Amino acid sequence: MMDLTRDDVIKALSLVMVNEREFLGRWVFMNNVTVFEGLVAVMLTQNTSDKVATRVYERLKGRIGSITPNAILSLSRGELEDILRPIGSFRQRASRLIELATVVNERYGGSLEFIRNMNTEEARRTLMSLPGVGPKTADVVLLNLGRPVFPVDTHIMRISHRLGIMGGYERVSAFWIKLMKPNEYLMVHLGLIAFGRAICRSRKPLCSNCPFRDKCRYYMSNKAS
């Protein structure tokens, strides 16, 4: 990988606008939701656009009010599936939310607020022990709780690999953690996603508009061919 600096990242991200309202996970935590409700919101964004996930989140909240384990379990499976229908694999997702709510009730008395008082590693392990919660979902929750973690979504993974930052989730996350300052993790995370949507797109990336291009393996390889 060519030498990427923190200043390179700041310069590139200055080209995109970050509207925190467009990121469901960020928006719900800005509204002081419980850890459980925030986790459910982030889970709704898995393999789904924030726009669709937000619509489903609002439908769910409109139906049950506060999103708690008991409120989710008060719905029949059919009702929950109907609410989740705009999201792909809605039947599987309904089962996952029912399982999550059941586990949180049985294991933790219906609340995940204790996670706020755990150290980051322990909180991450606890979240990842829950049904349907992988590294990215856990990290999005923790980042929005002010923890020094760096979630890697598909946009960030694509940008990273194009730049030559190779490896899986943990390795890519570690790269950005090392490169940026902890108080920058949240906005850089959101900024890279916005950058991936607007410039470093999956198809037809706008390389001519990209400040990373002279340090980008993908661009240099295509330029040479």
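SER14 passes every criterion in (1) closer than 30 Å to MET220 by Cβ; (2) touching a residue at least 40 places away in the same chain (Cβ under 8 Å); (3) of a type in the set (S, T, N, Q) apart from (2). Among the residues of region 88-113, those that are of a type in the set (A, V, I, L, M, F, W, C) and in contact with a Phe, Trp or Tyr (Cβ under 7 Å, 6 or more places away or on another chain) comprise VAL104, LEU112. Scanning region 1-48 for residues that are among the basic types (Lys, Arg) and at pLDDT below 95 yields LYS11, ARG21. Filtering region 63-77 to residues that are in contact with a Lys or Arg (Cβ under 8 Å, 6 or more places away or on another chain) and not β-branched (Val, Ile, Thr) leaves only LEU75. Being modelled with pLDDT of 95 or more, within 24 Å of VAL35 (Cα to Cα), open to solvent by 10 Å² or more (accessible area, probe 1.4 Å) and of a type outside the set (D, E, K, R) is a property that does not hold for VAL188. Of all the listed residues (GLU81, GLU58), the sole one being out of contact with any His (no Cβ under 6 Å at 6 or more places or on another chain) and farther than 27 Å from GLU20 by Cβ is GLU81. Of the residues screened, ILE67 is one that is β-branched (Val, Ile, Thr), more than 30 Å from PHE212 (Cα to Cα) and under 21 Å from the mean Cα position of the chain (by Cα). Residues that are under 26 Å from GLN92 (Cβ atoms) and open to solvent by 20 Å² or more (accessible area, probe 1.4 Å) within region 141-156 comprise ASN144, ASP153, THR154, HIS155, listed in sequence order. Restricted to region 147-225, the set of helices (runs of 4 or more DSSP H) holding at least 3 residues that are in contact (Cβ under 8 Å) with a residue 24 or more places away in the chain and under 15 Å from LYS11 (Cα atoms) comprises 185-198.
In the set (1) modelled with pLDDT under 95; (2) open to solvent by 10 Å² or more (accessible area, probe 1.4 Å), the condition left unmet by LYS178 is number (1). Scanning region 1-22 for residues that are part of a helix (DSSP H, G or I) and either touching a strand residue (DSSP E or B) at 6+ places or on another chain (Cβ under 8 Å) or β-branched (Val, Ile, Thr) (or both), which turns out surrounded by the fewest Cβ atoms within 10 Å (Cβ to Cβ)? Checking each candidate, the answer is ILE10.
The values are calculated or read from the model by the stated rules, or taken from the named source; none is laboratory data. Quantities reported herein were computed from a predicted structural model and do not represent experimental measurements. Heads up, the Cβs are rebuilt from the backbone with ideal geometry, glycines too, and the neighbour counts pull from every protein chain shown. For accessibility, only protein heavy atoms count, side chains too; no ligands or nucleic acids. Shrake-Rupley method; radii C 1.70, N 1.55, O 1.52, S 1.80 Å.
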